[in-house]
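Here is the structure we will look at.
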Amino acid sequence: MLSWTLDLNGRGFWPGDTAFYRVRALDNAPAAHLAESREYRLRLPSNAELREALREASRAVAAAADSLAREQRGLAQATEELSAERERASEGAQAPFRGGMGQARPGAQGDLPFRSAQRAGELADQQARVMERAAQMQEELKLLAEAASNAGLTDPQWQAELKELERLLDRAVTPELEQRLNALREALQKLDPEALREALKRLAEAGKEFRDQLSRSRELFERAALEGEMTTLAEDAEELAQRQRDWNRQAEAAALDSALAQAERALATETDSLAARMSQLDQELRKQGQPEGTAAEQQRASQAARAMDRAAGQAQTGERQQAQRSGQEAEQALDPVAQRLRQQRDALRDQWRRDVIQTLDYALAETADLARRQVDLAQRMRGGDASADARNAQAALRESADRVMQRLQTAAGKNALVSPQVGTSLGFARLRMAEAVDRLQRATPNPSEAGELAGQAVDGLNAMTQALLRSRAEVQGAESGSGLQEAVEKMAQLAAQQQALNGESGGMLPLMALGGEGLLQDLRALAERQRRLAAELERMNAEGQAEGAEELAQEARDLARRLEAGQLDRRTIERQERLFRRLLDQGRTLRGDEQDEQKERTSQTARPDNVRLPPALRPGAAGKGPKYPYPTWEQLQQLSPEERRLILDYFRRLNEGRP
């Protein structure tokens, strides 16, 4: 049985078109026998159907993300509890037993209860399954993005949502988590209690980070998917309104018949389906704290569907005036729905943006107050104050820093432009605060060292203030409420800059043999631009907006050094091209929708050049070689590349039987 894939790409088909095809087969008899199949009809999904399929797929992924986050929360808690249990067992084993001379309990270090080992093995298996599911979700997101792109749905916001979720999942399943899981399994194989205790402790820490990343991806997806759903429903409403206007014009000019009535009934069915989807959207918006929802738009869509149904019946019975009035009523009811949905979407984005900015403003105010109080406390410590009041003041400041960290985590779960790593400086400050308290709590307090540590905490708080200001400015200037589109556009802009650098480098490559000071100056200018691109990548990596940007920045800096040293060769050009491709992978290229200049779709009869012969049946496929042998390399190597191309193309046409 010979199988062959019928690829309709590149043949002029559009969503909603219908393809007709048939299969012909000939045998190898001297008088060839021909067999021909019946004609098959393949209807391609319309744009509205493609949008609905993608919405369903995104909702399925969102549900899977929610389930995965819940499972990881329970797993992280169970791992933490078992880790604490083994910590207590280790402390009890190392404590001197009653009446002893400070000796540890005999044999305690080698004891590993069977129940603990069994439970640790179960947790390791569960963690591995969760990581595998996260990797599968990441692959599903890639396929979803590819399907949307292949279908022509290149909405930048939609692609940005999928790309950011893919990046978050990639950030969650880290090599460090896998290493800690492997360390736990090795400890179980060796039945080493101490190694198991340490492995559980480290896995619990990594599991909590994994849980936080999954929770953030779930919250971001809910918000971004809601934006995308409102956008696509507005497009559906706009398309239905346009089709109703077209029907009204036909009802005025053409004769009323069953075909016109059937077309209006199909419109009524699709509009009724739109109303049902808006009912679901209304419930989702109310969950987000939007009391207005889309109830009014849903009523208008339902009213339009009823008017369309009446118009179809009136067209069927030949009542022209009544059909025209019903059609116009449907058009008037449906016409403003798309605009109102977009207005609601924009208002929702503004509200989300204001909420995040308000959270950042609170964090900014608290951080500034913390820095002021920390400066005063550091001065007291440097002056020799090691009192209980100083210790309590430092502990209170650390608790305030913990509250700021919680605010930042909340904001990071609501907008992609607020990185969860933006609190790195705050984490540094909290660590220095804890160390300062430790220096004051010792048997011999060291206020001088504590004051130095408190001063370093001030530096961390100041750096945190700058990072918060940058995040606030980016969120305020973002067009989308979730910030996903802007995060991807940044990487796309860097890819465009790298592409321009590649073009200039390629143009200068033939001139390298000539040399000269002018050429070196041009190379240094290119190197400076390459270095600025590297600096931008490093900034994005520091703010956590692009996972893997650090490696890209290192490659860009290395290329800048080569250009500055005048080392422009073919290998450098290839490395620049690879960097460009990797930048494109980090952020998908954003493209606008292409307009269809030919509004009316017409059927086309199959032509001879439409016939496709499976590769397995082409001449030479059975192993006998081409009918006209191609020239050898020895025969072609003395010719120019263009001459070789023309000759090979000539023989290819001969063997394929083309003129």
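The values are calculated or read from the model by the stated rules, or taken from the named source; none is laboratory data. If you're wondering where the values come from, they're calculated on a predicted model, not measured in any experiment. Counting neighbours? That spans all protein chains shown, and the Cβs are built from the backbone with ideal geometry, glycine included.
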What are the residue pairs meeting all of these: first residue in the stretch 352-381, first residue closer than 11 Å to Leu468 by Cβ and assigned by TED's automatic domain parsing to the domain that holds Ala457, second residue surrounded by fewer than 20 Cβ atoms within 10 Å (Cβ to Cβ) and among the β-branched types (Val, Ile, Thr), Cβ atoms under 8 Å, and 6 or more apart or on different chains? Thr359/Thr410; Leu364/Thr465; Thr367/Thr465; Ala368/Thr465
Checked Ala204, Ala195, Ala183 against criteria (surrounded by 19 or more Cβ atoms within 10 Å (Cβ to Cβ) and either of a type in the set (A, V, I, L, M, F, W, C) or touching a strand residue (DSSP E or B) at 6+ places or on another chain (Cβ under 8 Å) (or both)); the one match is Ala204
Suppose we filter Leu370, Leu397, Leu431 for residues that are at pLDDT 90 or above and either over 26 Å from Glu222 (Cβ atoms) or over 29 Å from the mean Cα position of the chain (by Cα) (or both); which single one remains? Leu397
Checking the condition acidic (Asp, Glu) and closer than 24 Å to Ala412 by Cα, which residue from Glu198, Glu209, Glu238 passes? Glu209
Counted residues in the stretch 520-560 being basic (Lys, Arg), under 30 Å from Ala467 (Cα atoms) and at pLDDT below 85 come to 2
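Listed here are the residues, each with its yes/no results for (1) over 30 Å from Leu274 (Cβ atoms); (2) in contact with a His (Cβ under 8 Å, 6 or more places away or on another chain); (3) outside any loop (DSSP other than H, G, I, E, B).
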residue	(1), (2), (3)
Trp14	no, no, no
Ala25	yes, no, yes
Pro30	yes, no, no
Arg38	yes, no, no
Ala48	no, no, yes
Ala57	no, no, yes
Restricted to the stretch 251-260, and to residues that are in a helix (DSSP H, G or I) and surrounded by fewer than 16 Cβ atoms within 10 Å (Cβ to Cβ), which residue is modelled with the lowest pLDDT? Ala253
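The rows are residues; the columns are (1) within 30 Å of Thr294 (Cβ to Cβ); (2) in contact with a Pro (Cβ under 7 Å, 6 or more places away or on another chain); (3) outside any helix (DSSP H, G or I); (4) at pLDDT below 75.
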{"position": "Lys163", "(1), (2), (3), (4)": "yes, no, no, yes"}
{"position": "Arg185", "(1), (2), (3), (4)": "no, no, no, no"}
{"position": "Glu198", "(1), (2), (3), (4)": "no, no, no, no"}
{"position": "Ala224", "(1), (2), (3), (4)": "yes, no, no, yes"}
{"position": "Leu233", "(1), (2), (3), (4)": "yes, no, no, no"}
Can you pull out every residue in the stretch 383-400 that is surrounded by 15 or more Cβ atoms within 10 Å (Cβ to Cβ) and either among the hydroxyl-bearing types (Ser, Thr, Tyr) or part of a helix (DSSP H, G or I) (or both)? Ala390, Arg391, Ala393, Gln394, Ala395, Leu397, Arg398, Ser400
Per the filter on the stretch 363-382, residues of a type in the set (Lys, Arg) and surrounded by 15 or more Cβ atoms within 10 Å (Cβ to Cβ) are Arg373, Arg380, Arg382
Could you please find all residues in the stretch 261-306 being without any contact (Cβ under 8 Å) to a residue 12 or more places away in the chain and either crowded, with 20+ Cβ neighbours inside 10 Å or not in a helix (DSSP H, G or I) (or both)? Gly289, Pro291
Which members of the stretch 424-478 meet the condition of being of a type in the set (D, E, K, R) and in contact (Cβ under 8 Å) with a residue 60 or more places away in the chain? Glu452, Arg470, Arg472
If only one of Ala450, Ala513, Ala467, Ala457 is modelled with pLDDT under 80 and assigned by TED's automatic domain parsing to the domain that holds Ala363, which one is it? Ala467
